[in-house]
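Report on one structure; see the data block that follows.
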Amino acid sequence: MELKTIFMAFFIITTMVSFAYPSLGHEDVVDEPLVKSGPEMDAVEAISPASQEYNMYMLENLTPKFTTYLENCMDKMGPIFRRCNEDVIEEILTKKPVSRECCMKVVKAGKECYVEIRKLMFRFYQLKRFASQVSFRTNEVWDRCSAEVMNSSSSHDD
């Protein structure tokens with residue numbers, strides 16, 4: 001067999017296994033906060049003139065269609081979006097759980113909106129250094145919030 005064929009077969013099998021068992025790729029994930037609450041989190045949120053220029057450039061280069069999509073996602077969460085967005089980022093980085101109210105807004109907006117907003121947030125200069133580490137935690141926050149919302153709605157149905 002040709003080396004190229006073997007490589008392609010290996011690549012396809014590895015890809016299929018990673019989709020079937022996504023947790024296999026996260027075996028070595030340390031279950032500690034990426035950032036400590038308090039001054040360390042405040043330092044992450046600090047904006048310098050250079051980081052602000054980077055962020056503006058990044059936002060200006062989003063397609064109008066994607067910008068409209070994100071605006072619609074944010075609108076689904078209502079006026080509480082900004083606070084909840086900051087709280088979700090803090091939970092992803094520090095493991096400090098967001099409120100039930102924010103979980104309800106996040107779930108109301110939907111998983112696709114939640115994921116796309118997280119992807120955008122971790123493209124910002126202040127957060128981009130964590131982008132490769134937060135995918136798993138982003139899903140954990142979604143799973144926790146959706147379970148919490150489902151539990152609270154099913155308890156109201158009784």
If you take the residues of the range 57-79 that are within 21 Å of Val106 (Cβ to Cβ) and among the aliphatic types (A, V, I, L, M), which of them is surrounded by the fewest Cβ atoms within 10 Å (Cβ to Cβ)? Met74
Within the range 116-139, residues touching a residue at least 12 places away in the same chain (Cβ under 8 Å) and within 9 Å of the chain's Cα centre (by Cα) come out as Glu116, Ile117, Arg118, Leu120, Met121, Phe122, Val134, Phe136, Arg137, Thr138
What number of residues within the range 98-149 satisfy the criterion of being among the small types (Gly, Ala, Ser) and open to solvent by 30 Å² or more (accessible area, probe 1.4 Å)? 5
Residues of the range 97-115 being of a type in the set (Ser, Thr, Tyr) and either within 15 Å of Asp143 (Cβ to Cβ) or modelled with pLDDT of 95 or more (or both), in sequence order, are Tyr114
Residues that are in contact with a Phe, Trp or Tyr (Cβ under 8 Å, 6 or more places away or on another chain) and either among the acidic types (Asp, Glu) or assigned to a helix (DSSP H, G or I) (or both), drawn from the range 114-132: Tyr114, Val115, Glu116, Lys128, Phe130, Ala131
State which residue pairs qualify: first residue more than 30 Å from Glu32 (Cβ to Cβ) and inside the range 67-93, second residue assigned to a helix (DSSP H, G or I) and modelled with pLDDT under 90 in any location, beta carbons under 7 Å apart, and separation of 6 or more residues or different chains. Met74/Phe81
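The values are calculated or read from the model by the stated rules, or taken from the named source; none is laboratory data. Remember, predicted model here, so these are calculated numbers, not experimental data. A quick note on method: Cβ atoms are made from the backbone with ideal geometry, for glycine too, and the neighbour counts reach across all protein chains shown. Note: accessible area is taken over every heavy atom of the protein model, side chains too, but ligands, DNA and RNA are not part of it. Shrake-Rupley method; radii C 1.70, N 1.55, O 1.52, S 1.80 Å.
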